[in-house]
1. Return yes or no: is B:ALA78 of a type outside the set (Val, Ile, Thr) and either within 27 Å of B:THR216 (Cβ to Cβ) or surrounded by fewer than 14 Cβ atoms within 10 Å (Cβ to Cβ) (or both)?
2. Identify the single condition in (1) at pLDDT 90 or above; (2) crowded, with 21+ Cβ neighbours inside 10 Å that A:ALA233 does not satisfy, given that it satisfies every other one.
3. When segment A:298-344 is examined, which residues are found to be polar (S, T, N, Q), open to solvent by 100 Å² or more (accessible area, probe 1.4 Å) and at pLDDT 75 or above?
4. State the number of residues belonging to segment B:190-208 that are crowded, with 22+ Cβ neighbours inside 10 Å and assigned to a helix (DSSP H, G or I).
5. Could you say which residue among A:GLU222, A:GLU254, A:GLU215 is at pLDDT 85 or above, open to solvent by 60 Å² or more (accessible area, probe 1.4 Å) and assigned by TED's automatic domain parsing to the domain that holds A:GLY43?
6. Quick check on segment B:164-189: of everything there that is at the interface with chain A (Cβ under 7 Å from one of its Cβ atoms) and of a type in the set (A, V, I, L, M), which residue is surrounded by the fewest Cβ atoms within 10 Å (Cβ to Cβ)?
7. For segment B:149-161, give me each residue that is within 14 Å of another protein chain (Cβ to nearest Cβ) and crowded, with 21+ Cβ neighbours inside 10 Å.
8. Please pick out the residue among B:GLY96, B:GLY112, B:GLY127, B:GLY116 that is without any contact (Cβ under 8 Å) to a residue 24 or more places away in the chain and closer than 24 Å to B:LEU66 by Cβ.
Amino acid sequence: MRPPALRLDGVRKSYGHVLAVAGVDLTVEVGEFFTLLGPSGSGKTTLLRLIAGFESPDAGRIELAGHDVTSTPPHLRQTNTVFQDYALFPHMTVGENIGYGLRVKGIAKAERRERVERALNMVRLSGLERRKPNQLSGGQRQRVALARAVVNEPEVLLLDEPLGALDLKLRQEMQLELKRIQKKVGITFVYVTHDQEEALTMSDRMAVLSNGKIEQVGPPDEVYERPATEFVAGFIGISNVLERDGVRFVIRPEKLRMLEEGQEAQRGMNVEPGTVEQVVYVGMSTRYIVRLDRGDQLVAVRQNMDAPGQALRYEGRRVRLAWVPGHTYVLDHQRARSDAAAGD
Amino acid sequence: MEGFLTKLALRTWAVLILLFLFIPIILILVYAFNSSNIESWPLPGLSTKWFAATWDDPEIRAALELSLRAGLTATGLALVLGSCAAFAVQRMTFFGRDVVSLLFVLPLALPGIVTGMALNSFFHFNGITLSIWTIVVGHTTFCIVVVYNNVLARLRRTQGSLIEAAMDLGANGFQTFRDITLPLIATAVVAGAMLAFALSFDEVIVTTLVAGAQNTLPLWIFGAVRLGQRLPEVNVVVSFVILVTIVPVAIAARLTGGSGVVRTQAER
């Protein structure tokens, strides 16, 4: 059996009194697209820098492909990084940038040229190898940074919020592109982001970090549908947390049905009355912020299928919110859900 | 119309200021070609005879040689010390770093008379005979600052992630320095050296106090003017000094994009 591409064991790192990484255990399998998701200050970038070797941990162990690299300097590690600011060498051409890793490893010129060519092809920048970085657009620089890292065929490719500086449209394009490249080259990706949508769309598995600790690890749908903690529930997507009969549980907005007068709930649904406090139009859908008569505030989402302008007229209306108990997820009691699902 | 008048007034004003600044310098350049040894206007005739006379003068030759040797040596020392200091201050965090940084720049801000007096007393106190080496030490104090300022400014503008990127790609410390750091700071180092040499080449105050009986080119000019002797040669020598200082300063300005030069010159 192949050892995992990356294994972290009790990794800790603090700066002065600030604990940036508070004991992280993690295993990333070969070929996985693994995302570290968390708000700023959650320790995700520090974790990435520890894996790359730019920082050394106060405690714990880091393994790459089964080898202990905890005290190996960055230039001897089989990792490559795509930096947030790309960090392209301004005095080198695109081709020299991409070939630099191969050059310092002493790879012959002919092979170097061939591999650089292939990498450029992969990121669809063929013909630009003579340009300087300052003659490229943001999206092109991003691709060069990616090619410069991938060309070395590292055990693990580390990406530090690589799409952060791009505009929305380009970002979505690059998300698909990154995924395509990752599948093609089969390199293990460890991807840092604070963008939950990015994490959900791209990852095979993801870890949600908060205050230097991992809150949950799992495939995106599992993390979204079954958040392990209130933090995860709150950080990923909009979540409604309710407490009824001493049990705290999460209902996602899209699972709530908003019933108007005269509409009947289906059998088996829980129904609670309330008032629409605010209507937020978001284009494809509309969010209704509803204050339940019992005091809780919930968010419901509806697709905008009605005539334009209809949604905004709901403000102040009396409504009832209905949900299927099996669509909720009980917090802090991982097992409770399967019980609820069984009774569904 | 008002816009036009304002523009015209501003332009006239700018031209007047430029004339104020440069007429004396231009006059000297013109008088260097005077055929007579009496300065009168208009010139009785044009000639280059003073250039030959100046060049053949052993006293002036010796002063030029001393100036060049002292300037080049001081620049060389400043290059090594100033660059190293800039790296240390940029790369490391240590107790009192800001104070150290200030101390490096202080010699440039201090009046030359203070630096000169201090060095003079120091040499005297320790029984060191004034020689070319005392001049070199005196000039190095302010030359370091120029190199230090230029290199530090460049290092601060350079993305820190570039160094990390190089290491990440497998370059060791030496390769990173050779392939990334050095090319990125090279122009700043050269600019710093050129400015340092220009400063050294026309320095008078500190030099007076540490040179003893020797004459650098500016000291020779100073002496000749004070005694009112050999003014035609003075004009030639001054023209030469102008050339030798302006060219490096202009090159340095090109290399650093202008900003660094103006600041360091103004501080002096």
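1. On the way: of a type outside the set (Val, Ile, Thr): yes; either within 27 Å of B:THR216 (Cβ to Cβ) or surrounded by fewer than 14 Cβ atoms within 10 Å (Cβ to Cβ) (or both): yes.
Taking the combined requirement at face value, the residue satisfies it.
2. So A:ALA233 meets the others, but not (1).
3. In the first step, residues of segment A:298-344 are kept if they are polar (S, T, N, Q); the result is A:303-304, A:310, A:328, A:334, A:338.
Restricting the remaining residues to those that are open to solvent by 100 Å² or more (accessible area, probe 1.4 Å) gives A:303, A:334.
Hit for segment A:298-344 is A:GLN303, nothing else.
4. At the first step, the residues of segment B:190-208 found to be crowded, with 22+ Cβ neighbours inside 10 Å are B:191-201, B:203, B:206-207.
Subset that is assigned to a helix (DSSP H, G or I): B:191-201, B:206-207.
Of the residues in segment B:190-208, 13 are crowded, with 22+ Cβ neighbours inside 10 Å and assigned to a helix (DSSP H, G or I).
5. Working: A:GLU254 fails: assigned by TED's automatic domain parsing to the domain that holds A:GLY43; A:GLU215 fails: open to solvent by 60 Å² or more (accessible area, probe 1.4 Å).
Of the residues listed, the single one that is at pLDDT 85 or above, open to solvent by 60 Å² or more (accessible area, probe 1.4 Å) and assigned by TED's automatic domain parsing to the domain that holds A:GLY43 is A:GLU222.
6. Taking segment B:164-189 and keeping what is at the interface with chain A (Cβ under 7 Å from one of its Cβ atoms), we get B:164-165, B:167-172, B:175, B:180, B:183-184.
Going one step further and asking which of them are of a type in the set (A, V, I, L, M), we end up with B:165, B:167, B:169, B:171, B:180, B:184.
Details: B:ALA165: 29, B:MET167: 24, B:LEU169: 31, B:ALA171: 23, B:ILE180: 23, B:LEU184: 19.
So the residue we want is B:LEU184.
7. B:ARG154
8. Working: B:GLY96 fails: closer than 24 Å to B:LEU66 by Cβ; B:GLY112 fails: without any contact (Cβ under 8 Å) to a residue 24 or more places away in the chain; B:GLY116 fails: without any contact (Cβ under 8 Å) to a residue 24 or more places away in the chain.
After applying the criteria, what remains is B:GLY127.
The values are calculated or read from the model by the stated rules, or taken from the named source; none is laboratory data. Everything quoted here is computed from the prediction, not taken from an experiment. In this analysis, Cβ positions are derived from the backbone assuming ideal geometry, glycine residues included, and neighbour counts consider all displayed protein chains. All accessible areas refer to the heavy atoms of the entire protein, side chains included, with ligands and DNA or RNA removed. Shrake-Rupley method; radii C 1.70, N 1.55, O 1.52, S 1.80 Å.
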